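For reference, the structure is listed below as structure tokens.
The values are calculated or read from the model by the stated rules, or taken from the named source; none is laboratory data. From a predicted model like this one, the values you see are computed outputs, not experimental measurements. Note that each Cβ is placed from the backbone with ideal geometry, even for glycine, and that neighbours are counted across all protein chains shown.
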Amino acid sequence: MKKHPVVWFYVLAFGISWLGWLPIVAGSHGVSPFDSPVFQFLLILPAIGPALAAIIVTWASDGKAGISLLLKPLLQWRVGILWLGIAVVTPALLLVMGKMATQALGLVATSEPQGANIAAIAISVFVMSLLSNPWEEVGWRGFALPRLQKRHNALMATLAVGVLWGLWHLPLFFWTGNPMSDYPFPAWFIGTVAVSFVYTWLYNSAKGSLLVVTLFHILGNTFGVIIAGVSITALAIVYCVVAVLLVAVLGKDNLARRERVCAG
């Protein structure tokens, strides 16, 4: 693990998470005994999989001290009110732009809950995101990104993290009844890789704060319910345009006005 920490991280992150998802996917297709509700507890594994993988690899190489350094950025809030504000506002702004693009291009919007259900579902999504997204970010941005940025520029590191982050979600597209099973995977995947550039921009600009990127992640999911009528394809287009602008304005080396964050 010491020689290839990033490889081991992804092997474990996929293995742990998919061990939880695949039985649920099988159950959704009527495969016994996984169609029993008792297997729902396995969803804990994808919720903590990336963080658990990062902790295992960090423990193997750096022990307790390394784990403390890995988790500390989750509470790193002294990064300036500007970046906390951007993390809160930007998800809604991107979705509004996606809605405008949906209408302008005449695309079919993703079906959304209607009426009074929106508030209840938004609260549910917020709570679920609050319990799972921080642990995703410990893995993707807390562990993988700074190690990849140590050997590669921010553009290449972001592409690697974005592609693997997108592929990590793949079982959800085969889970019958899951909202993501109705998404067009190519458009969603391209959008996920593209929005990874926004995450990297926030992460590097906020000095490696996982709190900032976690806020962006949680609110992106939550606002996705509140701001209805957004096509996955249109949102992917918006993300791609923003990604290109970030690279053009900030440069491929750091994707920020400051030096990119690298693992020590």
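Can you confirm whether the range 202-209 contains a residue that is part of a helix (DSSP H, G or I), under 13 Å from residue 94 (Cβ atoms) and among the aromatic types (Phe, Trp, Tyr)? Checked the range 202-209: no residue is part of a helix (DSSP H, G or I), under 13 Å from residue 94 (Cβ atoms) and among the aromatic types (Phe, Trp, Tyr). Residue 236 falls short on exactly one of the conditions (1) surrounded by fewer than 22 Cβ atoms within 10 Å (Cβ to Cβ); (2) touching a helix residue (DSSP H, G or I) at 6+ places or on another chain (Cβ under 7 Å); (3) within 30 Å of residue 26 (Cβ to Cβ); (4) modelled with pLDDT of 95 or more, and that condition is (1). Pairing residues of the range 163-180 that are at positive phi with residues that are in a helix (DSSP H, G or I), at Cβ distances under 9 Å and at least 6 apart in sequence or on separate chains, gives 177/28. The single residue among 56, 48, 24 that is of a type outside the set (Phe, Trp, Tyr) and surrounded by fewer than 18 Cβ atoms within 10 Å (Cβ to Cβ) turns out to be 56.
Tally time: how many residues in the range 103-112 are at pLDDT below 85 and surrounded by 14 or more Cβ atoms within 10 Å (Cβ to Cβ)? Number of matching residues: 2. Taking the residues in the range 113-168 that are buried (at least 20 other Cβ atoms within 10 Å of the Cβ) and among the small types (Gly, Ala, Ser) as candidates, determine which candidate is farthest from residue 4 (Cα to Cα). Taking the candidates together, the pick is 132. Once the range 184-210 is narrowed to residues that are surrounded by fewer than 20 Cβ atoms within 10 Å (Cβ to Cβ) and touching a Phe, Trp or Tyr at 6+ places or on another chain (Cβ under 7 Å), the residue that is farthest from residue 254 (Cα to Cα) is 185.
Residues checked against (1) loosely packed, with under 14 Cβ neighbours inside 10 Å; (2) under 22 Å from the mean Cα position of the chain (by Cα); (3) under 28 Å from residue 182 (Cα atoms):
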| residue | (1), (2), (3) |
| --- | --- |
| 43 | no, yes, yes |
| 74 | no, yes, no |
| 78 | yes, no, no |
| 99 | no, yes, yes |
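Of the numbered criteria (1) touching a helix residue (DSSP H, G or I) at 6+ places or on another chain (Cβ under 8 Å); (2) at pLDDT below 95; (3) closer than 30 Å to residue 232 by Cα, the one residue 79 fails is (3).
Within the range 156-180, can you find the residues that are over 19 Å from residue 42 (Cα atoms) and of a type in the set (S, T, N, Q)? Residue satisfying the conditions is 158 alone.
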